[in-house]
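Below: one structure, written as C-alpha cells.
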Amino acid sequence: MSDEHASTAPNSPAIAPTSLIIPVIVAAASGAFVAVQGNFNGAFTANGGGPLLAGWVSYIGTFLTVLIVMAIQRNVGKFFHILRTRSKAWWYIVGFGGVPIVVAMSWGIPLVGVAIASVCSVAGQTIISLIFDKRGVGIPAPIPFSGRRIAATLVTLAGLALAIGASSATSTTMWAMIATGIIIALAGAGLSVQNVGNGAVVARTGYPLLASLTSVIGGTALMSVILLIAGLTGGLDGAIFPPLSSWWMYMGGPVGAAIVFCSAWAIRRLGAFRLTLAVVAGQMVTSILVDLATGLTIPFATVAAAVTMVLATTLVVTSATPVHTVTGEVHFKED
C-alpha cells in the first residue's frame, strides 16, 4: 500500500507558503462533515435504528452519492476502465478502516455528545498518523518525528483528557465515559488507515473521487456483511427505520461522501498527521456548535479541549516548508 518515496529535487524552486492554506481548509471542511455526519447517524441510532443499521444506511448513501457525482462528471466509463485494468484488492480493503468509526460514532454520540466523541476519535487518529507519516505511507516522501510533532501530540492528548474530565458533569458515569472514549479512539485509528490508503490510490490514479469509490465499495461490503450476521443472530431485533418525515437522519451518506473525498484530496498535500490535526479544527468547532444547537450544555473544559486541538494544528502547520519532489508533487517538510 505504501508509495514509492520520491526524493526532493536539489534545486527546488520556492513556492508560496500560502499553498498550504487550501489543503488545510479542505481538511477542516472534512472535519466539519465528520461532526455533522456523527450527529445525523447518532439521531438515526437514538430513534430506533441502532448503530449497525445507521452505519449501513450511511454507507449506502455514500456509495450512491459517489455514483451520482461520477455520472455528473461523466467519469463512469473512465473509472470503471481503470478498475478493470489496474485496481488491486487493497484499494477496496482500505475502505474497511472507515467502518469502525461510523458505527462507534453512531453508538457513542448519544452517550457522550458530539464534541467529546470527536476528541476521542481525533486522539486515535493522531497517534497512528505519526507512524504513517514517518514511513511515508500515502504521501510523496516520509516525514520524520520532530519536536513540534511530539509537542502537538502531547497537546492533543491533553485535549482528550480535558474532554473526558468534562464528562463528569453528564449523566454518563466516568467509567462508561472512559470505555466509550477508548472504543472511539481505536475506531479513529482505523479511519487513518483508510485515509492513507486512499492517498496511495490517488497517487496511482490521480483521481480523489476514484479513491472515494473504491474505499466506499470496500466499506459498504464489510458493513453489509456485518449487518447480515447481526440480522441472522438477532442483533437487529427491535431495530427500525426512522420515519421518512425525519429525512435528515438519512443524510449521513451524502455527508460521508464529502468526508472521504476531502480527505483523499488533502492527504497527499498534508500527510496523515497534519491532515488529522487540520481536520480537528473544523471537527471540534462544528461539534460544539452542533451540541449547542441540540440543547446540550458545553462544559468549559470541552471548549478548552477544542482550543488545545487548534493549537496542536497550528504547531505543525506553521512549521511546514514547501518543496518540490522530482515527480513534480509538492511536499511539505518541517523545520
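Key figures for this structure:
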quantity: Any hit, region 141-155, residues being charged (D, E, K, R), in contact with a Leu (Cβ under 7 Å, 6 or more places away or on another chain) and open to solvent by 50 Å² or more (accessible area, probe 1.4 Å); calculated: yes
quantity: Selected residue (criterion: surrounded by the most Cβ atoms within 10 Å (Cβ to Cβ)) from residues of region 271-286 that are among the aliphatic types (A, V, I, L, M) and under 16 Å from Ala32 (Cβ atoms); calculated: Val279
quantity: Residue list for region 274-316, filter: of a type outside the set (A, V, I, L, M, F, W, C) and assigned to a helix (DSSP H, G or I); calculated: Arg274, Thr276, Gly282, Gln283, Thr286, Ser287, Asp291, Thr302, Thr308, Thr313, Thr314
quantity: Thr297 vs. criteria open to solvent by less than 30 Å² (accessible area, probe 1.4 Å), among the polar types (S, T, N, Q) and on the phi < 0 side of the Ramachandran plot; calculated: no
quantity: Residue among Ala320, Ala306 that is closer than 25 Å to Ser146 by Cα, surrounded by 17 or more Cβ atoms within 10 Å (Cβ to Cβ) and modelled with pLDDT of 70 or more; calculated: Ala306
quantity: Yes/no for Ser167 being open to solvent by 10 Å² or more (accessible area, probe 1.4 Å), polar (S, T, N, Q) and modelled with pLDDT under 80; calculated: no
quantity: Candidate set: region 81-104, residues that are free of Cβ contacts under 8 Å to residues at least 12 places away in the same chain and closer than 16 Å to Ser215 by Cβ; chosen: the one surrounded by the fewest Cβ atoms within 10 Å (Cβ to Cβ); calculated: Ala89
quantity: Number of positions in region 212-238 that are more than 20 Å from Tyr92 (Cβ to Cβ) and either open to solvent by less than 40 Å² (accessible area, probe 1.4 Å) or in a helix (DSSP H, G or I) (or both); calculated: 4
quantity: Residue satisfying condition, being at pLDDT below 85, crowded, with 24+ Cβ neighbours inside 10 Å and more than 26 Å from Ala272 (Cβ to Cβ), within set Gly124, Gly113; calculated: Gly113
quantity: Residue count for region 127-140, restricted to those that are modelled with pLDDT of 75 or more and open to solvent by less than 20 Å² (accessible area, probe 1.4 Å); calculated: 4
quantity: Single residue of region 36-55 satisfying the filter (within 17 Å of the chain's Cα centre (by Cα) and open to solvent by 30 Å² or more (accessible area, probe 1.4 Å)) that is farthest from Ile226 (Cα to Cα); calculated: Val36
quantity: Which listed residue is in contact with a Gly (Cβ under 7 Å, 6 or more places away or on another chain), surrounded by fewer than 21 Cβ atoms within 10 Å (Cβ to Cβ) and within 17 Å of Val260 (Cβ to Cβ), from Ile60, Ile68; calculated: Ile60
quantity: Condition met for Ala257 (surrounded by 15 or more Cβ atoms within 10 Å (Cβ to Cβ), among the small types (Gly, Ala, Ser), over 16 Å from Ile93 (Cβ atoms) and modelled with pLDDT under 95); calculated: yes
quantity: Selection count where residues are farther than 30 Å from Gly231 by Cα, without any contact (Cβ under 8 Å) to a residue 12 or more places away in the chain and not aromatic (Phe, Trp, Tyr), scope region 56-80; calculated: 6
quantity: Total residues in region 105-122, condition hydrophobic (A, V, I, L, M, F, W, C), under 22 Å from Ile60 (Cβ atoms) and in contact with a Gly (Cβ under 8 Å, 6 or more places away or on another chain); calculated: 2
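The values are calculated or read from the model by the stated rules, or taken from the named source; none is laboratory data. Owing to the predicted nature of the structure, the values given are computational and were not obtained by experimental measurement. Methodologically, a virtual Cβ is constructed for each residue, glycine included, from the backbone with ideal geometry; neighbour enumeration extends over all protein chains shown. What goes into the accessible areas is simple: the full protein's heavy atoms, side chains included, and nothing from ligands, DNA or RNA. Shrake-Rupley method; radii C 1.70, N 1.55, O 1.52, S 1.80 Å.
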